[in-house]
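What follows is a short report on a single structure.
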Amino acid sequence: MSSKLPRAPKTYDDFSKTFPELRAAWDQLGNAAKAGPLDDRTARLIKLGVAIGAMREGAVHSSARKAIALDVTREELNQIVAIAASIIGLPSAVAVWTWLRDSESKP
């Protein structure tokens, strides 16, 4: 992914120091996923969609921060919520929308 992505949260860094082998395995998975024709922005939007569908709040926050760093707009994030709403339901869509809004205000 792009070098302009935001810095990982301190908790992630602390976890990585405590569990270096898990971090190495995680990095290997991420590197393997980069192989293919999708550009960084498209791959990030897909990861965000998967995180939304799985209702993984932390992954939604992380993917949203990284998407914003790749110049994904508020309108594009809102459209992703609208697309997901018919699949995940209105209460879940509202929850995801709040997570995305939270991600915009965090460094």
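Every number in this text was worked out from the coordinates using simple rules, so none of it is lab data. Nothing here was measured: the structure is a model prediction, and the numbers come from that model. Positions of Cβ are generated from backbone atoms using ideal geometry, with glycine treated the same way; all protein chains shown enter the neighbour counts.
Phi angles across segment 94-101 convert, under the Karplus curve 6.51 cos²θ - 1.76 cosθ + 1.60 with θ = phi - 60°, into 3J(HN,Hα) values of 5, 4, 4, 4, 5, 4, 5, 5 Hz, Gly and Pro given as x. Relative contact order, whole percent, for the chain stands at 30, derived from Cα pairs under 8 Å and 6 or more residues apart.
What size of dipole, in debye to the nearest 20, comes out for the chain about its Cα centre when the only charges are +1 on Lys and Arg C-beta atoms and -1 on Asp and Glu C-beta atoms? It would help to have the intermediate numbers written out before the result.
On the way: 15 positive and 12 negative charges, 32 e Å.
About 160 debye.
Per residue Cα convex hull volume for the chain, in cubic angstrom?
Values: hull volume 11.5 nm³, N = 107.
Dividing the Cα hull volume of the chain by its residues yields 107 Å³.
Packing here is the average count of other Cβ atoms within 10 Å per residue, and on that basis the peptides 87-96, 55-64, highest first, run 55-64, 87-96. Considering only 81, 46, 16, the residue lying farthest towards the positive end of the dipole of the chain is 16, judged by Cα position with unit charges set on Cβ. Estimated from helices alone, the mean residue ellipticity of the chain at 222 nm is -24500 deg cm²/dmol (sum of -39500 (n - 2.57) over DSSP H runs with n ≥ 4, per residue).
Rounded to the nearest Hz, the phi-derived 3J(HN,Hα) couplings of segment 60-69 under the Karplus curve 6.51 cos²θ - 1.76 cosθ + 1.60 (θ = phi - 60°) are 5, 4, 4, 5, 5, 4, 5, 5, 4, 5, where x marks glycine and proline.
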